[in-house]
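Asker: My questions will all concern the structure given below.
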Amino acid sequence: MSETELIRSRTNPLVRRLRALKQRGERGEEALALLEGARLLEEALASGVQVVEVAITPRALGGARGRRLLQQLEATGTPVRLLHEDLLDSISEAETCQGVLALARRPRFVEAQLFAGAPLLMVALGVQNPGNLGGLLRTAEAAGASGAFLTRGCADPFSWKALRGSMGSAFRLPHLAGLSPEQVMRRLRARGVRTVAAMPAAPTSYDEADLRGPIAFLLGSEAAGVPESLTRGADLCLGIPLAGEVESLNVGVAAGLLLFEAARQRRRPPVPDSG
């Protein structure tokens, strides 16, 4: 370990950095993400994310998992500091603190990565709930999406709650944030990607459409849905039939149905041309 002294002071520079990042976040080219828990740190390391510094409690370090993490971190030359249990607990937002906090560089993606292969994209339109946004990224990766656009007004994908929701998918799934919906639509059209708006009252069901080509699903927040200006410009509007008196689905559930249906169709062999 870089230092063996047990940190007990709230005024320690590392503790101040952790608190500041938790309270306000950091953005910009050299922005950092705050990771909590052994699993999220393991996901970051496995994804090639640069971990800047780690705080760990003596109890966490004494376990087998903590010792394995320490070996990985020492192999990469990452500074690891011992933090008093109560001090780390005071920074943590988890119900049960695992005794591990880390500062990591946010990965940076380029637009070409989102369009690799046969593009299957998710466009999150103003999804402000960080847990929902993290879940969307996790669902998109699980369905084999090539990437995601997170328009201006979306939650920060590397915020504390969003990272918990994505469980590492934010490190791996190529995504771009901060563009306006109009900018995203122009980029999709320029690359020949069909846009599909998810709408509760759309006449065509999601499982009746051909979703095998390059495609991008437009998903709005649960409160606002997909803006009318975008549904008018979309290539296709699809609905998800609902039984009973249910009016709408959680945006994550809707995204899962659409993305996995597209993935299912892409696994099917092409139908021979009868002509």
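Asker: Please determine, by comparing only the residues of the range 243-266 that are touching a residue at least 40 places away in the same chain (Cβ under 8 Å) and closer than 17 Å to Gly126 by Cα, which one is surrounded by the most Cβ atoms within 10 Å (Cβ to Cβ).
Answerer: Filtering the range 243-266 down to residues touching a residue at least 40 places away in the same chain (Cβ under 8 Å) leaves 247-248, 250-252, 254-263, 265-266.
Then keep just the ones that are closer than 17 Å to Gly126 by Cα; that gives 250-252, 254-255.
Working: Asn250: 11, Val251: 24, Gly252: 21, Ala254: 23, Ala255: 27.
It comes out as Ala255.
Asker: Also, quick follow-up: Please tell me if Ala148 is touching a helix residue (DSSP H, G or I) at 6+ places or on another chain (Cβ under 8 Å) and in the same structural domain as Arg212 (by TED's automatic domain parsing). Write out each step before concluding.
Answerer: Working: touching a helix residue (DSSP H, G or I) at 6+ places or on another chain (Cβ under 8 Å): yes; in the same structural domain as Arg212 (by TED's automatic domain parsing): yes.
Spelling it out, Ala148 is indeed touching a helix residue (DSSP H, G or I) at 6+ places or on another chain (Cβ under 8 Å) and in the same structural domain as Arg212 (by TED's automatic domain parsing).
Asker: A further question on this structure: Can you tell me which of Val127, Val193 is in the same structural domain as Ser229 (by TED's automatic domain parsing), more than 27 Å from Arg267 (Cα to Cα) and of a type in the set (Val, Ile, Thr)? Even if it seems obvious, please write down each step before you answer.
Answerer: Numbers: Val193 fails: more than 27 Å from Arg267 (Cα to Cα).
Of the residues listed, the single one that is in the same structural domain as Ser229 (by TED's automatic domain parsing), more than 27 Å from Arg267 (Cα to Cα) and of a type in the set (Val, Ile, Thr) is Val127.
Asker: Checking Gln113 against (1) at pLDDT 95 or above; (2) in a strand (DSSP E or B): exactly one of these is not met. Which one?
Answerer: Condition (2) is where Gln113 drops out.
Asker: Right, another one. What's the total number of residues in the range 79-91 that are surrounded by 19 or more Cβ atoms within 10 Å (Cβ to Cβ) and more than 13 Å from Asn12 (Cβ to Cβ)?
Answerer: 1
Asker: Another one. Here are some residues: Arg16, Arg10, Arg67, Arg27. Which one is modelled with pLDDT under 85 and exposed (fewer than 14 other Cβ atoms within 10 Å of the Cβ)? Please lay out each step first, then the result.
Answerer: Values: Arg16 fails: modelled with pLDDT under 85; Arg10 fails: modelled with pLDDT under 85; Arg67 fails: modelled with pLDDT under 85.
From the options Arg16, Arg10, Arg67, Arg27, the qualifying one is Arg27.
Asker: Quick check on the range 110-121. Is at least one of its residues under 17 Å from Gly220 (Cβ atoms), touching a residue at least 12 places away in the same chain (Cβ under 8 Å) and assigned by TED's automatic domain parsing to the domain that holds Lys161?
Answerer: Yes.
Asker: Moving on to the next point. Show me the strands (runs of 3 or more DSSP E) found entirely inside the range 185-244 where at least 1 residues are touching an Asp or Glu at 6+ places or on another chain (Cβ under 8 Å), of a type in the set (D, E, K, R) and under 17 Å from Ala263 (Cα atoms).
Answerer: Details: elements: 194-198, 215-220, 236-239.
In the range 185-244, the matching strands (runs of 3 or more DSSP E) lie at 194-198.
Asker: Answer yes if at least one residue in the range 109-125 is acidic (Asp, Glu), more than 15 Å from the chain's Cα centre (by Cα) and either surrounded by 19 or more Cβ atoms within 10 Å (Cβ to Cβ) or farther than 20 Å from Gly256 by Cβ (or both), and no otherwise.
Answerer: Initial filter on the range 109-125 (acidic (Asp, Glu)): 111.
From the residues that got through so far, the ones that are more than 15 Å from the chain's Cα centre (by Cα) too are 111.
From what's left, either surrounded by 19 or more Cβ atoms within 10 Å (Cβ to Cβ) or farther than 20 Å from Gly256 by Cβ (or both): 111.
Yes; the residues of the range 109-125 include at least one that is acidic (Asp, Glu), more than 15 Å from the chain's Cα centre (by Cα) and either surrounded by 19 or more Cβ atoms within 10 Å (Cβ to Cβ) or farther than 20 Å from Gly256 by Cβ (or both).
Asker: Taking Val100, is it aliphatic (A, V, I, L, M), at pLDDT below 95 and not assigned by TED's automatic domain parsing to the domain that holds Ile215?
Answerer: Details: aliphatic (A, V, I, L, M): yes; at pLDDT below 95: yes; not assigned by TED's automatic domain parsing to the domain that holds Ile215: yes.
Judged against the criteria, Val100 is a match.
Asker: Please state which one of Leu70, Leu45 is under 25 Å from Ser166 (Cα atoms), touching a residue at least 60 places away in the same chain (Cβ under 8 Å), in the same structural domain as Arg19 (by TED's automatic domain parsing) and part of a helix (DSSP H, G or I). Explain how you work it out, then say what you get.
Answerer: Details: Leu45 fails: touching a residue at least 60 places away in the same chain (Cβ under 8 Å).
On inspection, the qualifying residue turns out to be Leu70.
Asker: Can you tell which of Pro181, Pro203 is in contact (Cβ under 8 Å) with a residue 40 or more places away in the chain and in contact with a strand residue (DSSP E or B) (Cβ under 9 Å, 6 or more places away or on another chain)? If you could, list the steps in order and put the result at the bottom.
Answerer: Values: Pro203 fails: in contact (Cβ under 8 Å) with a residue 40 or more places away in the chain.
Of Pro181, Pro203, the one residue that is in contact (Cβ under 8 Å) with a residue 40 or more places away in the chain and in contact with a strand residue (DSSP E or B) (Cβ under 9 Å, 6 or more places away or on another chain) is Pro181.
The values are calculated or read from the model by the stated rules, or taken from the named source; none is laboratory data. Note that this is a predicted model, so its numbers are computed, not measured. All Cβ positions, glycine included, derive from the backbone under ideal geometry; neighbour counts span all protein chains shown.
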